[in-house]
Amino acid sequence: MKIKIIPLLIIFLYSIICFGQSVNKYGLTIIDDTSFYRKEVERDSLNKFVDLEKFIPGIKLDIKYATKNNFVGVPVYTEAKAFLRLPAAYALKKVQAELKKRGLGLKVYDAYRPYSVTVLFYDKIRDTDFVASPWEGSRHNRGCAVDVSIINLKTGKELEMPTKIDDFTFKAHPDYKDIPDTVKSNRTLLFNVMKKYGFSQFPTEWWHFDFSGWINYFLMDLKFEDLE
């Protein structure tokens, strides 16, 4: 029993002394202090969150979590915004530029997600294949994950993909094979261009990509307006 308590106590004390934050019941340090975030940006500008709509020319947003049109059934964001850490945003900008050469572009469904929303999602479906566990947190909480698809820039329509986002079935898996060749080709294009610029695909969701180095960033629970 002591062996389990002492490490947690050390984490708790270290968190308070160094971060001005306490750990939660899962032993995670969650940053919910705007002043701490500002200091981290001053220390290293790569910690900054950027507004993707302002940062990446031509990118389209469809933030369903700011509406009732999502699997929770209520808005969980106060604004229809998408934020990423600066390095991830730069990489996504390169993805957009490459797709533009083909007459295509990105549509973003979600990016940074406050930790409290991750807890809400888990409480709703209790399935860690499709939502992050509260005891680990999400790469979205670190500002290093993005949910995306591809659109035709001329028509604004999405290329056909295996499912809609937040489809909690095996059809959403990136290796699901029982789909038309055109759909498979669209999914492969998305995977390849995202991978080229440092994003890895989540194993159960074709739309979810994590940026390399995500582990180096804190789990955050700041509102969108705190990042502007």
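The set of residues from the stretch 177-197 being surrounded by 15 or more Cβ atoms within 10 Å (Cβ to Cβ), in contact (Cβ under 8 Å) with a residue 24 or more places away in the chain and touching a helix residue (DSSP H, G or I) at 6+ places or on another chain (Cβ under 8 Å) comprises 193, 194, 197. Looking at 128, 155, 169, just one residue is free of Cβ contacts under 8 Å to residues at least 24 places away in the same chain and in contact with a helix residue (DSSP H, G or I) (Cβ under 9 Å, 6 or more places away or on another chain), and that residue is 128. For the stretch 38-75, which positions are β-branched (Val, Ile, Thr), in contact with a helix residue (DSSP H, G or I) (Cβ under 8 Å, 6 or more places away or on another chain) and surrounded by 19 or more Cβ atoms within 10 Å (Cβ to Cβ)? Correct list: 50, 56, 59. Picking from 147, 226, which residue would you name as being in contact (Cβ under 8 Å) with a residue 24 or more places away in the chain, under 18 Å from the mean Cα position of the chain (by Cα) and in a helix (DSSP H, G or I)? The unique qualifying residue is 226. Among the residues of the stretch 198-223, those that are touching a residue at least 60 places away in the same chain (Cβ under 8 Å) and either assigned to a loop (DSSP other than H, G, I, E, B) or outside the structural domain of residue 170 (by TED's automatic domain parsing) (or both) comprise 198, 204, 205, 207, 213, 217, 218, 221, 222, 223. Among the residues of the stretch 19-29, are any at pLDDT below 95, among the charged types (D, E, K, R) and not in a helix (DSSP H, G or I)? Yes, the conditions are met somewhere in the stretch 19-29.
Within the stretch 91-133, the set of residues being assigned to a loop (DSSP other than H, G, I, E, B) and modelled with pLDDT of 95 or more comprises 101, 102, 103, 111, 112, 113, 114. Evaluation of residue 112 against the conditions (1) in contact with a Gly (Cβ under 8 Å, 6 or more places away or on another chain); (2) over 28 Å from residue 57 (Cβ atoms); (3) of a type in the set (Phe, Trp, Tyr) shows that the sole unmet condition is (2). Looking only at the stretch 38-56, decide whether some residue is more than 19 Å from the chain's Cα centre (by Cα), in the same structural domain as residue 92 (by TED's automatic domain parsing), within 30 Å of residue 154 (Cβ to Cβ) and in a loop (DSSP other than H, G, I, E, B). Looking through the stretch 38-56, none of the residues is more than 19 Å from the chain's Cα centre (by Cα), in the same structural domain as residue 92 (by TED's automatic domain parsing), within 30 Å of residue 154 (Cβ to Cβ) and in a loop (DSSP other than H, G, I, E, B). Being within 19 Å of the chain's Cα centre (by Cα), at pLDDT below 95 and either farther than 20 Å from residue 101 by Cα or not basic (Lys, Arg) (or both), is that true of even one residue in the stretch 168-183? The answer is yes; a qualifying residue exists.
The values are calculated or read from the model by the stated rules, or taken from the named source; none is laboratory data. This one's a predicted model, so the numbers in the text were calculated from it and none came from an experiment. Cβ atoms come from the backbone with ideal geometry, glycine included; neighbour counts cover every protein chain shown.
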